[in-house]
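Participant: This is the structure, below, for whatever I ask next.
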Amino acid sequence: MSEERTPGFNTLAIHAGAQPDASTGARVTPIYQTTSYVFDDADHAAALFNLETFGNIYSRIMNPTQAVLEERVAALEGGTAALAVASGHAAQAIVFHTLMEPGAEFVAARQLYGGSMNQFGEAFKKFDWHVKWADTTDAESFRAAITPKTRAIFVESIANPGGIVTDLEAISAVAKEAGVPLIVDNTLATPYLTQPKEYGADIVVHSLTKFLGGHGNSVGGVIVDCGTFDWMATDRYPSLSAPCASYHGMTLGETFGNFAFAIACRVLGLRDLGPAISPMNAFLILNGIETLPLRMQRHCDNAKQVAEWLSGHEKVAWVNYAGLPGNGFHALAQRYAPKGAGAVFTFGLKGGYEAGIALVGKVELFSHLANIGDTRSLIIHPASTTHRQLGDEARERAGAGADVVRLSIGLEDVDDIIADLDQALAAV
Ligand SMILES: *Cc1c(COP(=O)(O)O)cnc(C)c1O
């Protein structure tokens with residue numbers, strides 16, 4: 001390979017960030033199951049603690065297995081650096097801890113993963129951080145919610161569970177006008193289907209638990225710094241632009257330039273809040289990522305066939321999959337995720353709430369559980385599970401009304417997936 005060649009996505013998914021282990025030659029990145037790392041000498045220790053040199057200190061803050069995972073995801077998203085943490089929710093908490101001060105606001109799409117709605121609307125209130133909800137299908141609603149206290153905009157690229165594709169460029173224009181970063185949760189799309197940075201995202205977050213890990217065995221999260229936001233151009237983000245008391249007055253935004261956000265998330269957020277990812281989970285997720293392009297394409301191809309089949313079923317009122325030509329989000333899906341509209345979508349049962357409960361009890365190949373992005377096909381009735389804490393109106397607005405069933409289509413033979421739905425629907 002010539003020096004200038006930029007590796008393709010498949011190559012990066014397998015190689016980015018990884019080298020044979022320097023001391024043993026191990027080809028696969030080992031599980032560095034250690035809490036701490038021996039310093040070369042007192043000067044080395046001092047330089048590490050002063051952030052004058054990069055290296056390992058303690059596994060709450062960094063770990064070599066985790067470091068490869070971070071470089072891998074940063075490469076796949078086209079970012080400058082990344083930080084892996086214990087869960088998708090931990091990633092979100094750290095992002096906002098870095099951006100917000102007490103009394104500050106952010107604008108978030110109301111079409112979000114149910115857990116994110118709870119985190120933003122309830123848990124964050126205790127920190128005096130305030131969410132204003134907007135409609136992910138209407139960029140103007142974000143503009144209308146901006147105030148002088150706004151510090152960020154948060155959307156999902158493909159929204160969970162409604163099968164909605166967000167017009168990232170339109171919302172990024174609002175963020176740029178307001179001078180705040182755009183945070184995109186890219187969990188459902190993964191960088192294989194869409195790279196939010198290309199459409200103006202400044203920060204990308206993922207639940208690694210889902211398609212990136214991909215095998216339903218590990219919870220994890222990641223924050224990607226796109227390197228696009230100028231933190232020193234404003235005094236709104238003092239974690240980045242003001243001298244930092246716990247690092248001898250260092251200004252992180254100045255010292256670390258286009259990867260300062262990832263550094264601040266690590267050396268302040270992760271250091272002080274503590275949700276570190278375990279080396280074992282980092283290892284399993286890293287292995288999952290190696291086959292991301294293959295898996296994601298099969299997930300999408302299977303999902304499209306299942307959605308088509310469901311659309312013709314007599315007990316099905318509607319199917320909301322942006323990969324179907326008649327769908328309202330089809331044009332946005334073609335623009336932002338042309339390889340496929342993901343593998344998570346919803347459909348409505350003519351029989352309503354009771355039929356939804358009955359269906360999840362009748363499936364055999366599908367697993368009835370609260371997750372997405374497994375090799376296995378998964379089913380859930382959001383109104384009676386993930387979205388049950390929300391009121392009726394909020395549920396409807398989040399695309400989780402009483403008749404809604406959510407599927408995450410796995411990698412089994414598509415004929416077997418369809419046969420299972422067929423027998424279960426017959427029994428409803
Ligand atoms: C699951 C999920 C999260 C939360 O991630 P955890 O790893 O469960 O903490 C956030 N956003 C989306 C879109 C998700 O699907």
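Participant: When all alpha-carbon pairs of the stretch 299-388 are counted, what percent fall beyond 17 Å?
Facilitator: 52
Participant: Same structure, new question: For the stretch 1-73, which trypsin sites (Lys or Arg not before Pro) pass both filters: DSSP loop (anything but H, G, I, E, B) and at most 16 other C-beta atoms within 10 Å?
Facilitator: 5, 27, 60
Participant: Oh, and also: How far apart, in nanometres, would the label points at residue 144 and residue 335 be if each is projected 7 angstrom from Cα along the Cα-to-Cβ direction?
Facilitator: About 2.1 nm separates the two model spin labels.
Participant: Label 7 Å along Cα→Cβ of residue 123; the stretch 359-403 residues with amide nitrogen under 18 Å?
Facilitator: Once the point is set 7 Å along Cα→Cβ of residue 123, 370-372, 386-390 turn out to lie under 18 Å by backbone N, inside the stretch 359-403.
Participant: Right, something else. Go ahead and run the numbers for FRET between residue 318 and residue 45, Cβ-Cβ distance against an R0 of 51 Å, rounding to 0.05. List each step's numbers first, then the result.
Facilitator: Details: r = 62 Å, r/R0 = 1.21.
Calculated transfer efficiency: 0.25.
Participant: From the backbone phi of the stretch 91-100, what are the Karplus-calculated ³J(HN,Hα) couplings (6.51 cos²θ - 1.76 cosθ + 1.60, θ = phi - 60°) in whole Hz, Gly and Pro given as x?
Facilitator: The phi angles translate into 4, 5, 4, 6, 4, 6, 4, 6, 8, 9 Hz.
Participant: Using the Kirkwood radius over C-alpha pairs as Rh, can you work out the diffusion coefficient of the stretch 156-300 via Stokes-Einstein at 20 °C, viscosity 1.002 mPa s, in µm² per second? Write down the numbers at each step before the final one.
Facilitator: Values: Rh = 16.6 Å.
So the translational diffusion coefficient is about 129 µm²/s.
Participant: If the only charges are +1 at each Lys and Arg Cβ and -1 at each Asp and Glu Cβ, what is the size of the charge dipole of the stretch 292-427 around the Cα centre, to the nearest 20 debye?
Facilitator: Dipole magnitude for the stretch 292-427 comes out near 500 debye.
Participant: Relative to the compact globular guide of 2.2 N^0.38 Å, what is the alpha carbon radius of gyration of the chain, as a ratio?
Facilitator: Ratio of Rg to 2.2 N^0.38 Å for the chain: 0.99.
Participant: Within the stretch 184-205, which residues have the backbone N less than 18 Å from the label spot 7 Å out from residue 10 along Cα→beta-carbon, could you tell me?
Facilitator: Correct set: 191-194.
Participant: Testing the spin-label approximation: label points 7 Å from Cα along Cα→Cβ at residue 36 and residue 376. State their distance in nm.
Facilitator: In this crude spin-label approximation the distance works out to 4.0 nm.
Participant: Hey, another quick one. From the C-alpha coordinates alone, can you work out the Kirkwood hydrodynamic radius of the stretch 245-365, in Å?
Facilitator: Hydrodynamic radius (Kirkwood, Cα only) of the stretch 245-365 equals 18.8 Å.
Participant: Check which residues have an amide H placed less than 5 Å from residue 244's amide H, if you skip close sequence neighbours.
Facilitator: Amide H neighbours of residue 244, under 5 Å, 5+ apart: 249, 250, 251, 252.
Participant: Further, regarding this structure: Computing the accessible area with a 1.4 Å probe over protein heavy atoms, can you report the carbon and sulfur percentage for the chain?
Facilitator: Roughly 52 percent of what the probe reaches on the chain is carbon or sulfur.
Participant: If R₀ is 30 angstrom, what is the calculated FRET efficiency for the pair residue 23 and residue 247, using the beta carbon separation as r and rounding to 0.05?
Facilitator: Taking R0 as 30 Å, the efficiency between residue 23 and residue 247 is 0.45.
Participant: If DNA, RNA and ligands are ignored and the probe is 1.4 Å, what is the ranking of 36, 157, 23, 367 by accessible area, most exposed first?
Facilitator: 23, 36, 367, 157
Participant: Please give every one of the lysines within straight-line cross-link reach of residue 125, meaning a C-alpha to C-alpha distance under 19 Å, and leave out same-chain neighbours fewer than 8 residues apart.
Facilitator: 149
Participant: For the stretch 117-200, what percent of Cα pairs sit more than 20 Å apart?
Facilitator: Of all Cα-Cα distances in the stretch 117-200, 33 percent exceed 20 Å.
Participant: Please give the length that would be gained between residue 393 and residue 353 if that part of the chain were fully extended, namely 0.36 nm times their separation in residues minus their C-alpha to C-alpha distance (nm, one decimal).
Facilitator: Between residue 393 and residue 353, full extension yields an extra 12.9 nm.
Participant: Below 8 Å between Cα atoms, with a sequence gap of 6+, how large is the relative contact order for the stretch 30-132 in percent?
Facilitator: 18
Participant: Now for a different question. With the crude spin-label approximation of a point 7 Å out along Cα→Cβ, what separation in nm comes out for residue 422 versus residue 217?
Facilitator: Computed distance between label sites residue 422 and residue 217 equals 3.3 nm.
Participant: A follow-up question, please. Please identify the GluC sites (Glu not before Pro) of the stretch 64-141 that satisfy two criteria: DSSP loop assignment and at most 16 other Cβ atoms within 10 Å. Which are they?
Facilitator: Here the GluC sites (Glu not before Pro) that fit, given the DSSP loop and packing criteria, are 122.
Participant: Run the 1.4 Å probe and let me know the accessible area of residue 132, rounded to the nearest 10 Å².
Facilitator: 70
Participant: ³J(HN,Hα) across the stretch 284-297 via Karplus (A = 6.51, B = -1.76, C = 1.60, θ = phi - 60°), whole Hz, x for Gly/Pro?
Facilitator: Here the 3J(HN,Hα) series is 5, 5, 4, 5, x, 4, 4, 9, 3, x, 5, 5, 4, 5 Hz.
The values are calculated or read from the model by the stated rules, or taken from the named source; none is laboratory data. Keep in mind it's a predicted model, so treat the numbers as computed, not measured. Ideal geometry is used to build each Cβ from the backbone, glycine not excepted, and the neighbour counts take in all protein chains shown. In case anyone asks, the SASA skips ligands and DNA or RNA and just uses the protein heavy atoms, side chains included. Shrake-Rupley method; radii C 1.70, N 1.55, O 1.52, S 1.80 Å.
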